[in-house]
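S.K.: Got a structure for you, written out below as structure tokens; questions coming shortly.
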Amino acid sequence: MISLKRTSGGVRVDDKKDLSAGSPIEPAGIPGELVLFLSQHTGAPSKPVVKVQDLVKRGQLLAEPQGAISAALHAPTSGKVKAIEPRYHPIQGRLVDAIVLEPDGKNEVFEGVVPRARDLDSISGEEIIAFVREIGLVGLGGAAFPTAVKLTPPADKPIDTYLLNGAECEPYLTSDYRLMLEEAEVVIFGFRALLKAARVARGIVCIEDNKPEAISAMQRAMSPFPELDLAVLPSRYPRGGEKQLIEAVLGREVPPAGLPLDVGVIVSNVGTAFTLGKAIRTGLPLVERVISVTGEGVTRPSNFLALIGTPVSYLIEKAGGFSGTPGKVIMGGPMMGISVKSLDVPVLKGTSGIVVLKKEQVKKDKMLPCIRCGRCVDACPLRLLPVWMAAYAERGLLEEAERARVLDCCECGACAYECPAKRPLVQWIRMAKSEILAKRRAQNHARK
Amino acid sequence: MEEKLVISSSPHIKGPKTVRGIMLDVIIALIPACLASLILFGWKALLIIMASVASAVASEALYEKAVKREVTVGDLSAVITGILLAMTLPPNVPLWIPVIGSAFAIVIAKQIFGGLGCNFVNPALAGRAFLLAAWPMHMTRDWLNPLTYDAVTSATPLAVLKGTGQGTLPGIKDFLLGVRLGSLGETSVLALLLGGIYLIARGVIDYRIPLGFLGTLFVGTLVFGKPGAFFQGDGVLAILAGGAILGAFFMATDYVTSPVTARGRLYMGIGAGFITLLIRLWGGYPEGVTYGILLMNLVTPLIDRFVVPRYYGYAHDRAAKEAAAGGR
Amino acid sequence: MKRSLFHDFIKGFVEENPTFRLVIGMCPTLAVTTSVVNGFWMGVAVIFVLTFSNVFVSLLRKSIPDDIRIPVFVILIATPVVIVELVMRAYLPAMYEILGIFVPLIVVNCIIIGRAEAFAYHQPVLNSLMDGLGIGAGYTINLMVIGGIREFLGTGQITIGSVSFPGTPLFEPAAVMLTPPGGFITLGLLMAALNIAVARSENRKKARRAA
Ligand code: SF4
Ligand code: SF4
């Protein structure tokens, strides 16, 4: 076990994981329509290789990566390509090109989907990286950064540690927890494949201490492998953020606007490792993922193995439908997720959960003047001063906000959660950030 | 099935803490001291507290009505100001003293600057400072003997300590229970500590402010306590004899007028303790807690400007400091 | 022309009130306003000096070289100041005792120099005369109001000469009002009140014009 180095900020949150923690992962089934956005991930959108009316099978390539940072996209089930057209993208908040697939219900598997290797001795690191690219693997924690890019850091940035993020600090969500509990062996297998591909000698599995069963399951699975180690984190939001994890476990700090690889670390999510582990053994690309459908607003909070592109409405139906009047439907966790206005939107590769809050739960708090209590300052995991950043942002003082490092804020929401005056700190900070960035873009444009 | 869904910016859930809840905690923490004052000084104490609170709440409501702002007495902060001001008054003052003091505290020190969150000095202490300057005779002479309720004008323990008054010092036990001359709420150390510990345990106040305050006062008195003779002062007595405990736990910790960073709050506590020490040992007044805290209130924006944490990912304090200093 | 003369006189009371709007001449304002009477005599001294200096600056404005106008102003101001000082010493020795250094300091009072520089140096004699009278009168009223409030709260009554009103203090006087903090508090509140009143009336005017 690794002893923790330093942690700063964070808040104790009522995690509400009990709602769905007891529900085993179950297949969600095949909905009537799948919507697969060409940009599921961070980076350039992928380019379709199929045409409308084409028949495709489960695991068949639909779109190939374009450019250095991009990812492939595969058919989650067999069926017909109904359309390639713009659809409303819940995260980007605008119309984005998507491949619309009409499943035929037969769920025929593509011929190319064959097991790659039984164990890691029969596959080389380079082959793993190529395979990761081939199956369109992206980080399943939320940002959906293409994994293959992570595994090939520039030569001048030596990597010495690989962190497997099983902290799952977002309240409500239990998809990683269930994976670690039920599929610990596959997760560890996938993690070791990632280690081998990145040629990293040390791997640390990081789990928050509110998941003792997951900890023991993972401990059992990793015990044969001396290169793996375990770090148990105190459960405080947002301990599972990439930067916070690195600080807590290794005592290193990622420089502003830098990446984990700048301090010799790669971080991957439990779901990512699981998908890779399973893919090596079965050949199935990233076409499905575990999604928690939970919250007080659904009748039967569940953890589903859902096809990418499944509509949110279908999953909520599967979870027994709404209980009471829904007030808010959130894609992702309640701290950093995005609320959607329509249930027609599909889940993406990065969607870790769908949280439904009841109408009573989303009452609008009355905003009071800041009483300068400093709770937001104590809460900020980056040791920023949200009270000032927000005050500048509110008054439109962009330069001051920038000097107060508003651009460093990771929008974790800890400050706004704690604020007794219920001030929308993150909203203001986000506003300032986008205005500053827009200004910068305009300046760069003018210079060119 | 298509219901109206709320769209908003994350985070989508908020913590349970509210301004009102925090204020309520402070009021709860003040109850032991209020009860102690009732026992020690009788019905007079009750009247003073009631008059002070009523005046504070009424002035807040009236002022806000007058300038057509939303009436905010519901946040309970005016109640706290009223109680705190009453705590600092001698128990035998005429009742118009708390009424005027609270009105001054609320209208002049708080509302004129924009209400809760915008005042730059602690309203209760500003009210006390005004009263002290306006009617010094009442504020320094109107004592009641504890338990017997006799009006006396003799010297308080602090004045005795300072050598400006005649009298005998009570024993440590009497200090702890509060059986001595002094303001309404400052005498019973045990009751105050009870409330203070409650506030710290509930996470309402930061222990650093009282620690810095009382620590500085203790060590400073120990070292410089007797003129011309080092290490002959009585640090414990310095903490017990005046309003230091009331000030350190309930006045200096006022959010609005103390720094927002943990380190800043420690500095604020130390500063207030230091100024109190200066006034007590070398100044003209026997007691310096009020001005110690008020002066540190004024310095708070400066502390906030220069005492900033080392931001995540920045190698040295300096970069962050420059950023913060330039930012404001 | 007539209207403008009248306006030059009246503007000293509200629009260009030296204390509350222009915020000039603050030292004597804070220092001597512990009673109505003090305020009155200080005001009278300023009226005299200001009118005198305004008139002479205006008379000589064509012949004063631009480069050395400030020294010339000071000399033009010093003359009436010396007159006031000597007269006061002769006929109001008690008052002179109280106002003390602030009488000779009128020489450098920014109201006087300010009006010379901003007004009299560019305006005809009559207008300058009215300006001096108006601003001086406004200043006097300010001093008397501040002095009155402070005297009343600080002593519980108002005393003019040997007559006090009411004969005995109405309440227990607040000593603080006679000290500098009391002066600042009174000044600040009055300034706020006047500014609010002016802003309101301007808003109303604007609204009427819009209607
Ligand atoms: S938590 Fe809210 S009330 Fe407290 S300092 Fe921060 S913004 Fe102000
Ligand atoms: S949202 Fe930004 S400012 Fe607020 S706690 Fe998180 S990192 Fe800090």
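The values are calculated or read from the model by the stated rules, or taken from the named source; none is laboratory data. Just so it is clear, the structure is predicted and the values come from calculations on it, not from any experiment. Glycine gets a Cβ as well: all are built from the backbone with ideal geometry, and neighbour counts include every protein chain shown. For the accessible areas, the whole protein counts, side chains as well, though only heavy atoms, and no ligand, DNA or RNA atoms are used. Shrake-Rupley method; radii C 1.70, N 1.55, O 1.52, S 1.80 Å.
S.K.: Checking A:SER8 against (1) at pLDDT 90 or above; (2) open to solvent by less than 50 Å² (accessible area, probe 1.4 Å), only one condition comes out false. Which one?
M.R.: (1)
S.K.: What number goes with the only condition from (1) more than 20 Å from A:SER292 (Cβ to Cβ); (2) open to solvent by 40 Å² or more (accessible area, probe 1.4 Å) that A:GLY141 does not pass?
M.R.: Here A:GLY141 meets the rest and fails (1).
S.K.: Check A:GLN427, A:GLN361 and return the single one that is within 16 Å of ligand 2 (Cβ to nearest atom), part of a helix (DSSP H, G or I) and open to solvent by 10 Å² or more (accessible area, probe 1.4 Å). Please lay out each step first, then the result.
M.R.: Working: A:GLN361 fails: within 16 Å of ligand 2 (Cβ to nearest atom).
Within the list A:GLN427, A:GLN361, the selection yields A:GLN427.
S.K.: Then there is this: For the range A:382-403, name all the residues that are at the interface with chain B (Cβ under 9 Å from one of its Cβ atoms), open to solvent by 10 Å² or more (accessible area, probe 1.4 Å) and not in a helix (DSSP H, G or I).
M.R.: Matches in the range A:382-403: A:ARG383, A:LEU397.
S.K.: Further, regarding this structure: Going through A:GLY320, A:GLY333 one at a time, which residue ends up being facing chain B (nearest Cβ under 10 Å) and either over 19 Å from A:VAL35 (Cα atoms) or in a strand (DSSP E or B) (or both)?
M.R.: On the way: A:GLY320 fails: facing chain B (nearest Cβ under 10 Å).
Only one candidate qualifies: A:GLY333.
S.K.: Of the conditions (1) in contact (Cβ under 8 Å) with a residue 12 or more places away in the chain; (2) out of contact with any Lys or Arg (no Cβ under 6 Å at 6 or more places or on another chain); (3) over 28 Å from A:GLU242 (Cβ atoms); (4) more than 7 Å from chain B (Cβ to nearest Cβ), A:ILE371 clears all except one; give me its number.
M.R.: In the conditions (1) in contact (Cβ under 8 Å) with a residue 12 or more places away in the chain; (2) out of contact with any Lys or Arg (no Cβ under 6 Å at 6 or more places or on another chain); (3) over 28 Å from A:GLU242 (Cβ atoms); (4) more than 7 Å from chain B (Cβ to nearest Cβ), A:ILE371 misses (4) alone.
S.K.: Here is a follow-up. If A:THR174 satisfies every condition in (1) touching a Ser or Thr at 6+ places or on another chain (Cβ under 7 Å); (2) closer than 28 Å to A:PRO45 by Cα; (3) buried (at least 24 other Cβ atoms within 10 Å of the Cβ) but one, which is the exception?
M.R.: Just one mismatch for A:THR174, condition (2).
S.K.: Could you tell me how many of the residues in the range B:68-89 are open to solvent by less than 10 Å² (accessible area, probe 1.4 Å) and among the acidic types (Asp, Glu)?
M.R.: Residues meeting the conditions: 0.
S.K.: Scan (1) among the aliphatic types (A, V, I, L, M); (2) farther than 30 Å from C:ALA197 by Cβ; (3) outside any loop (DSSP other than H, G, I, E, B) for the single condition B:ILE112 breaks and write down its number.
M.R.: (2)
Yes/no per residue for (1) within 20 Å of the chain's Cα centre (by Cα); (2) surrounded by 21 or more Cβ atoms within 10 Å (Cβ to Cβ):
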residue	(1), (2)
B:PRO91	yes, yes
B:TRP96	no, no
B:ALA133	yes, no
B:LEU144	no, yes
B:GLY171	no, no
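S.K.: Considering the range A:372-429 alone, what residues qualify as being of a type in the set (Asp, Glu), within 11 Å of ligand 1 (Cβ to nearest atom) and over 28 Å from the mean Cα position of the chain (by Cα)? Outline the logic, then answer.
M.R.: The initial filter retains those residues of the range A:372-429 that are of a type in the set (Asp, Glu), namely A:378, A:394, A:399-400, A:402, A:408, A:411, A:418.
Of the ones still in play, those that are also within 11 Å of ligand 1 (Cβ to nearest atom) are A:378, A:394, A:418.
If the condition is that a residue be of a type in the set (Asp, Glu), within 11 Å of ligand 1 (Cβ to nearest atom) and over 28 Å from the mean Cα position of the chain (by Cα), then A:GLU394 is the only one that fits.
S.K.: So, one more: Here are some conditions: (1) outside any helix (DSSP H, G or I); (2) open to solvent by less than 10 Å² (accessible area, probe 1.4 Å). B:ALA105 meets all but one. Which one does it not meet?
M.R.: Unmet condition: (1).
S.K.: Next question, about the same structure. Could you list all residues from the range B:19-60 that are within 14 Å of another protein chain (Cβ to nearest Cβ) and exposed (fewer than 15 other Cβ atoms within 10 Å of the Cβ)?
M.R.: B:ARG20, B:GLY21
S.K.: Would you say C:GLY156 is at pLDDT 90 or above and closer than 30 Å to B:VAL107 by Cα? Don't jump to the end; show me each part of the working.
M.R.: Working: at pLDDT 90 or above: no; closer than 30 Å to B:VAL107 by Cα: yes.
Judged against the criteria, C:GLY156 is not a match.
S.K.: Among the residues of the range B:256-289, how many are surrounded by fewer than 23 Cβ atoms within 10 Å (Cβ to Cβ), touching a residue at least 24 places away in the same chain (Cβ under 8 Å) and more than 14 Å from chain A (Cβ to nearest Cβ)?
M.R.: 5
S.K.: State all residues of the range A:389-414 that are near ligand 2 (Cβ under 10 Å from one of its atoms) and touching a residue at least 40 places away in the same chain (Cβ under 8 Å); if no residue qualifies, say none.
M.R.: Selection gives A:MET389, A:ARG405, A:ASP408, A:CYS410, A:GLU411, A:CYS412, A:GLY413, A:ALA414.
S.K.: Find the helices (runs of 4 or more DSSP H) located wholly in the range C:106-211 whose residues include 1 or more that are within 14 Å of chain B (Cβ to nearest Cβ) and open to solvent by 40 Å² or more (accessible area, probe 1.4 Å), and list them.
M.R.: In the range C:106-211, C:125-155, C:180-210 are the helices (runs of 4 or more DSSP H) which contain 1 or more residues that are within 14 Å of chain B (Cβ to nearest Cβ) and open to solvent by 40 Å² or more (accessible area, probe 1.4 Å).
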